[in-house]
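Novice: This is the structure I want to talk about, given as structure tokens.
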Protein chains: 2
Amino acid sequence: MYRTKNCGELRISDAGQNVTLAGWVQRSRKMGGMTFVDVRDRYGITQVVFDHDTNAALNDAANKLGREFVIQVKGKVAERTSKNPNLPTGDIEIIADGLTVLNRSEIPPFTIEEETDGGDDIRMKYRYLDLRRPNVRRNLELRHRFTMEVRRYLDGKGFLEIETPMLVGSTPEGARDFVVPSRMNHGQFYALPQSPQTLKQLLMVSGMDRYFQIVKCFRDEDLRADRQPEFTQIDCEMSFVEQNDIIELFEGMAKHLFKELRGVELTEPFPRMPWADAMKYYGSDKPDTRFDMKFVELMDILKGHGFSVFDNAAYIGGICAKGAASYTRKQLDQLTEFVKRPQIGAKGMVYARVEPDGSVKSSVDKFYSQEVLQLMAKAMDAEPGDLILILSGDDAMKTRKQLCELRLEMGNRLGLRDKNKFSCLWVVDFPMFEWSDEEQRLMAMHHPFTHPKDEDIPMLDTDPAAVRADAYDMVVNGVEVGGGSIRIHDSELQAKMFEILGFTPEKAQEQFGFLMNAFKYGAPPHGGLAYGLDRWVSLFAGLDSIRDCIAFPKNNSGRDVMLDAPAPLDQKQLDELSLEIVEKSSK
Amino acid sequence: MYRTKNCGELRISDAGQNVTLAGWVQRSRKMGGMTFVDVRDRYGITQVVFDHDTNAALNDAANKLGREFVIQVKGKVAERTSKNPNLPTGDIEIIADGLTVLNRSEIPPFTIEEETDGGDDIRMKYRYLDLRRPNVRRNLELRHRFTMEVRRYLDGKGFLEIETPMLVGSTPEGARDFVVPSRMNHGQFYALPQSPQTLKQLLMVSGMDRYFQIVKCFRDEDLRADRQPEFTQIDCEMSFVEQNDIIELFEGMAKHLFKELRGVELTEPFPRMPWADAMKYYGSDKPDTRFDMKFVELMDILKGHGFSVFDNAAYIGGICAKGAASYTRKQLDQLTEFVKRPQIGAKGMVYARVEPDGSVKSSVDKFYSQEVLQLMAKAMDAEPGDLILILSGDDAMKTRKQLCELRLEMGNRLGLRDKNKFSCLWVVDFPMFEWSDEEQRLMAMHHPFTHPKDEDIPMLDTDPAAVRADAYDMVVNGVEVGGGSIRIHDSELQAKMFEILGFTPEKAQEQFGFLMNAFKYGAPPHGGLAYGLDRWVSLFAGLDSIRDCIAFPKNNSGRDVMLDAPAPLDQKQLDELSLEIVEKSSK
């Protein structure tokens, strides 16, 4: 070893010890005949002192050290005269009597500090330097502890971690696959798994009973801010269970993780909110329940008073922002601008203030009597000092989603979305299907293997769109951290499901034959769920993007700018794979 | 839950309890008015009794159960009259008072027993049924416990598990990459990693200090019996260490695993054998040291006595098979056949027996006096009753490899290769380079980032082929379970290495520029190793092939016969990727 101690562990009780440290030069300061060098490693920072009077040559050598040089230092631990209470090692320093430069460093392209001067692009290109910053490093440390705790918990509950293959078959249903040409099977391709969904179901058929895997999954989608082409899933499946068994076990895991990793004790059961309620009260299947501000539907109260916008609306709903009646005209205009942004798409916003005397003043006063406005305020539980914001539209679902955005924006403005406060819930009773305008058919909302609620099965023939599923999502602070369902284990029901989804029996057989065949040999009742690891760790770390909890993330074009991947192949490689690239212009 | 107890946990102390079990029908037997059904799940087998006299309808239902039906049984735990000492639950049975068929099963295509009647192909096609067999299931359970223990050990030593990307850049050096076309970057490809080698080195540059990852790796090679296109590596790297630090830490891990998973206490340090000795005494860089039978070189003794085969040989070496002098002529002929097989390629074999009176009788007596034969027997430590087997050839290395095969064969025949005995060692001081006849240049024996031994660095200029590396393999029972090296952390030395390996500076920059650039910013001294998880688990499980510790393995053509992957793509998918398949005939 190049060191006897690391840079984070020495304390006042070690004073007098001779030690060897190794690490990076964080900074160095010359003061009179003394040179102070802060040496950094993963574990911390320790101050090293070189004294010109004691050893001039050594002091000279120290003065030649540059930022990020890798050094080995020998010396004696001594109590500091001026201690640094911000540093765990701040009570001591090393009086150096030896220095070896293990490696030099060019001047890094940005400062290696918590707050760096480097922009996003340069930090990604030099990600190995970015990772030296303590806050980025801590995210990876948290991620490590997170997966350790997940494994410890699930192992304790009898789950087996079983690796499923990465080179599988392509399933055109769902998102786009990344594919891998097979050299040994001419003209054929593997696909990288979007999730091990069907494989974990086969593991249940195989009697593995309780499976989990922390596993890379792949989706070739056009990337948005918070998406990566490869991401990590905590994938779980259990046999002989009903929905409640799964929810209870994984709620236990969530509570364990909150306690161990964030020191947060969640003693109450997580609320279970039907999907229909989530949409009704929050306009979202992943409501942020850190704050209330539920939607109140105002159709009965506000329709039919001559205000044509509302009179023609399919939906009118409002939220009550507590204590925001003092919002200025400018602030209200900003909110109107906000909901009118194309990403949100509302036509406008109506507002009303509850004055100190209890009277209500709205932006549509000319259409509504004080009596009606009072009715509205009462319906909204609004009190003096509150601000009511109302949206309307001709598509209830769309308007609810707009109102959801407005609610979240108000939550931000009112400081109600504290990253250190956690509000968890289960959203349950999802619809089985959703209509796709693009495909002009019903699509599976979760996936085609989801079990319908027993009591809704008769409606599969009569009103499939109304059928609810045994599906559930775990939502924390408005983030869907995971979700799953009870699966169909009956091959006839599965066949019917494919039929509703517009698969011909041949197509279903071609794509999922292996699963339907497996179901003929004694499939147990089973179900499971999958968590998005990147998202959950980001949430625990208080990050805005999942990128910062990934060691080497890709940018929005799916590129790794550090590795410069993807890249063109050698012609020899293409030939071996029997592939030719079609010129873009020739298409 | 569909059960209150599993099928493996009930004991005599549970007698009288009312329980619900769920599982698969292993078998059912009708005896008079009683029907006995063995119900199986992952945890065991429990006998359930249906009595016609008590409940005729229930008994009738039980008689209709087929093999592998999934059932739920309610009943009372009772002490058995005739106990089954081979079953942990053998003291009890369930007197059934309820039966639900949860799912039916067609007759499985092979028996779900430890010893099955199913051949390899059918078992792979119905792998989900094969996995129901208790011996296959136990391999996956062992694999799970293995990775849990690896993580526990490394976490305790301060290692962080850090995920590296799966979509990386292609590096034509080394084995063939699997590649992934990028839709968003026209004409460009990702590669799947053959190992996270360069990425883990970047993590060391980033100061992560101690990294590990249990990770899928990919190699597009023509498959042999014990190779899979995707395999799992326990990948580790440490900073500020020398070779001995790595060996000690990972020897500790090996001992921990042996103890926890196999109950084997290895108290002695693992021997460290220089590569040159391994080749000299065992003809292999992964010697099976469960038994001795070291090679003895016989050039001095046997040359120059008129036996032209030996007189012209570049190498003559023998092994002494203790107590095998009684081998018949037929057995000796078999051994001669064995070494003459094309895979081994020896021209012939000479043998000599030490008779009870101490005299030596050999197959080449006419060339050698008893005096010379006695000298030989002495050199070989041969005693009365021993058999000496000798090979020679004009290429020392090739002949040693032939003699190695003969030694292993004799080890098998003499029962010296007990799967429950473990012999571990480190092979160290590997050559830095090996000559490639195909490429007509020196190739890196491990990889181009391996550090040469300090004392050999001057020879890089004068005699590179003689340079030894700070590289080490861990060998157990003749299997290389892992290996690694100290890495180069100096960009100049790295550049020199690329030069020796025949890279132009441009080519080196193109392929490994990101790493050489990183080395300019303060790379610490570092090193590591990687274990083949599949191999190590197979060794612990006593398997002949790695396939049986993999849930869903591929066959020798790289196919998953269960999923029927790889497969042709839809034209739409090819179009999106701008790819065209070149017809084989047109090449």
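The values are calculated or read from the model by the stated rules, or taken from the named source; none is laboratory data. All values derive from a computational prediction rather than experimental measurement. Every residue, glycine among them, receives a Cβ derived from its backbone with ideal geometry; neighbour counts consider all protein chains shown. Protein only, heavy atoms only, side chains kept; ligands, DNA and RNA dropped before computing areas. Shrake-Rupley method; radii C 1.70, N 1.55, O 1.52, S 1.80 Å.
Novice: Quick check on the range A:174-197: of everything there that is touching a residue at least 40 places away in the same chain (Cβ under 8 Å) and within 18 Å of A:E230 (Cβ to Cβ), which residue is nearest to the other protein chains (Cβ to nearest Cβ)?
Specialist: So the residue we want is A:F178.
Novice: State whether the residues of the range A:552-570 include one that is among the basic types (K, R) and modelled with pLDDT under 90.
Specialist: no
Novice: Working only within the range A:478-493, note down all residues that are out of contact with any strand residue (DSSP E or B) (no Cβ under 9 Å at 6 or more places or on another chain) and either more than 12 Å from chain B (Cβ to nearest Cβ) or hydrophobic (A, V, I, L, M, F, W, C) (or both).
Specialist: Answer for the range A:478-493, where residues must be out of contact with any strand residue (DSSP E or B) (no Cβ under 9 Å at 6 or more places or on another chain) and either more than 12 Å from chain B (Cβ to nearest Cβ) or hydrophobic (A, V, I, L, M, F, W, C) (or both): just A:G478.
Novice: Something else about it: Against the conditions (1) on the phi > 0 side of the Ramachandran plot; (2) free of Cβ contacts under 8 Å to residues at least 24 places away in the same chain, where does B:E492 fall short? Just the number, please.
Specialist: (1)
Novice: Please state which one of A:L493, A:L460 is out of contact with any Asp or Glu (no Cβ under 8 Å at 6 or more places or on another chain) and open to solvent by less than 10 Å² (accessible area, probe 1.4 Å).
Specialist: The conditions single out A:L460.
Novice: Then there is this: Just checking, does the range B:109-117 include any residue being in contact (Cβ under 8 Å) with a residue 60 or more places away in the chain, within 30 Å of B:L563 (Cβ to Cβ) and within 34 Å of the chain's Cα centre (by Cα)?
Specialist: Yes - at least one qualifying residue is present in the range B:109-117.
Novice: Only residues in the range B:538-555 that are within 14 Å of chain A (Cβ to nearest Cβ) and outside any loop (DSSP other than H, G, I, E, B) count as the first member; pair them with residues that are surrounded by fewer than 20 Cβ atoms within 10 Å (Cβ to Cβ) and acidic (D, E), Cβ under 6 angstrom, at least 6 apart or cross-chain, and list the lot.
Specialist: B:I546/B:D226
Novice: (1) more than 15 Å from B:A313 (Cβ to Cβ); (2) in a helix (DSSP H, G or I); (3) among the β-branched types (V, I, T): which one isn't true of B:I344, the others all being true?
Specialist: (2)
Novice: Here is a follow-up. Please go through the range B:207-252 and pick out each residue that is surrounded by 21 or more Cβ atoms within 10 Å (Cβ to Cβ), away from every other protein chain (no Cβ under 12 Å) and either under 19 Å from the mean Cα position of the chain (by Cα) or closer than 17 Å to B:R143 by Cα (or both).
Specialist: Answer for the range B:207-252, where residues must be surrounded by 21 or more Cβ atoms within 10 Å (Cβ to Cβ), away from every other protein chain (no Cβ under 12 Å) and either under 19 Å from the mean Cα position of the chain (by Cα) or closer than 17 Å to B:R143 by Cα (or both): B:I234, B:D235, B:C236, B:F250.
Novice: Tell me which of these A:Q194 doesn't satisfy, since it passes every other one: (1) among the polar types (S, T, N, Q); (2) assigned to a loop (DSSP other than H, G, I, E, B); (3) open to solvent by less than 10 Å² (accessible area, probe 1.4 Å).
Specialist: Just one mismatch for A:Q194, condition (3).
Novice: For the range B:256-273, indicate whether the set of residues that are part of a loop (DSSP other than H, G, I, E, B) and acidic (D, E) is non-empty.
Specialist: Checked the range B:256-273: at least one residue is part of a loop (DSSP other than H, G, I, E, B) and acidic (D, E).
Novice: Out of (1) more than 23 Å from A:D534 (Cα to Cα); (2) open to solvent by 10 Å² or more (accessible area, probe 1.4 Å); (3) touching a Ser or Thr at 6+ places or on another chain (Cβ under 9 Å); (4) touching a residue at least 40 places away in the same chain (Cβ under 8 Å), what's the single condition that is false for A:L203?
Specialist: The one condition A:L203 does not meet is (2).
Novice: OK, next. Could you give me the residue pairs with C-beta distances under 6 Å whose first residue belongs to the range B:145-173 and is without any contact (Cβ under 8 Å) to a residue 24 or more places away in the chain, whose second residue is open to solvent by 10 Å² or more (accessible area, probe 1.4 Å) wherever it lies, and which are 6+ apart or on separate chains?
Specialist: B:M148/A:D155; B:D155/A:M148; B:G169/A:L563; B:G169/A:A567; B:S170/B:D177
Novice: Out of (1) at pLDDT 95 or above; (2) of a type in the set (D, E, K, R); (3) open to solvent by 90 Å² or more (accessible area, probe 1.4 Å), what's the single condition that is false for B:E438?
Specialist: (1)
Novice: Moving on to the next point. Name the residues in the range A:568-585 that are of a type outside the set (D, E), assigned to a helix (DSSP H, G or I) and more than 38 Å from the chain's Cα centre (by Cα), would you?
Specialist: Those that are of a type outside the set (D, E), assigned to a helix (DSSP H, G or I) and more than 38 Å from the chain's Cα centre (by Cα): A:Q571, A:K572.
Novice: Looking only at residues that are open to solvent by 20 Å² or more (accessible area, probe 1.4 Å) and part of a helix (DSSP H, G or I) in the range A:150-173, which one is nearest to the other protein chains (Cβ to nearest Cβ)?
Specialist: Filtering the range A:150-173 for residues that are open to solvent by 20 Å² or more (accessible area, probe 1.4 Å) and part of a helix (DSSP H, G or I), the one nearest to the other protein chains (Cβ to nearest Cβ) comes out as A:D155.
Novice: So, A:I95, is that one touching an Asp or Glu at 6+ places or on another chain (Cβ under 8 Å) and part of a loop (DSSP other than H, G, I, E, B) or not?
Specialist: Criteria not met by A:I95.
Novice: Consider only pairs whose beta carbons are under 9 Å apart and that are at least six residues apart or on different chains; among these, list those whose first residue lies in the range A:557-580 and is in the same structural domain as A:P181 (by TED's automatic domain parsing) and free of Cβ contacts under 8 Å to residues at least 24 places away in the same chain and whose second residue is assigned to a loop (DSSP other than H, G, I, E, B) and of a type outside the set (A, V, I, L, M, F, W, C).
Specialist: Nothing qualifies.
Novice: From the list B:D333, B:D292, B:D300, B:D277, exactly one residue is open to solvent by 80 Å² or more (accessible area, probe 1.4 Å) and either within 19 Å of B:S362 (Cα to Cα) or outside any loop (DSSP other than H, G, I, E, B) (or both). Which is it?
Specialist: Going through B:D333, B:D292, B:D300, B:D277 in turn, the sole match is B:D300.
Novice: Looking at A:V37, A:V70 in this structure, which one is in contact with a Pro (Cβ under 6 Å, 6 or more places away or on another chain) and hydrophobic (A, V, I, L, M, F, W, C)?
Specialist: Every option except A:V70 fails the conditions.
Novice: Criterion first (within 14 Å of chain A (Cβ to nearest Cβ) and either buried (at least 19 other Cβ atoms within 10 Å of the Cβ) or small (G, A, S) (or both)) does B:R67 satisfy it?
Specialist: no
Listed here are the residues, each with its yes/no results for (1) in contact with a Cys (Cβ under 8 Å, 6 or more places away or on another chain); (2) surrounded by fewer than 19 Cβ atoms within 10 Å (Cβ to Cβ); (3) outside the structural domain of A:I246 (by TED's automatic domain parsing).
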site: A:A382; (1), (2), (3): yes, no, yes
site: A:L391; (1), (2), (3): no, no, yes
site: A:E405; (1), (2), (3): no, no, yes
site: A:L408; (1), (2), (3): no, no, yes
site: A:D418; (1), (2), (3): no, yes, yes
site: A:D429; (1), (2), (3): no, no, no
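Novice: I'd like the residue in the range B:507-532 that is modelled with pLDDT of 95 or more and more than 9 Å from chain A (Cβ to nearest Cβ) and, out of all such residues, is farthest from A:R40 (Cα to Cα).
Specialist: Here the answer is B:G532.
Novice: Evaluate the range B:84-97: report whether one residue or more is modelled with pLDDT of 95 or more and within 14 Å of chain A (Cβ to nearest Cβ).
Specialist: no
Novice: Now, a different point. So which of B:D365, B:D357 is at pLDDT below 95 and over 24 Å from B:G411 (Cβ atoms)?
Specialist: B:D365
Novice: Let me ask something else. Can you find a residue in the range A:119-142 that is touching a strand residue (DSSP E or B) at 6+ places or on another chain (Cβ under 9 Å), polar (S, T, N, Q) and within 11 Å of another protein chain (Cβ to nearest Cβ)?
Specialist: no
Novice: Please count how many residues of the range B:306-318 are touching a residue at least 60 places away in the same chain (Cβ under 8 Å), within 22 Å of B:E371 (Cβ to Cβ) and either of a type in the set (S, T, N, Q) or surrounded by 15 or more Cβ atoms within 10 Å (Cβ to Cβ) (or both).
Specialist: 7
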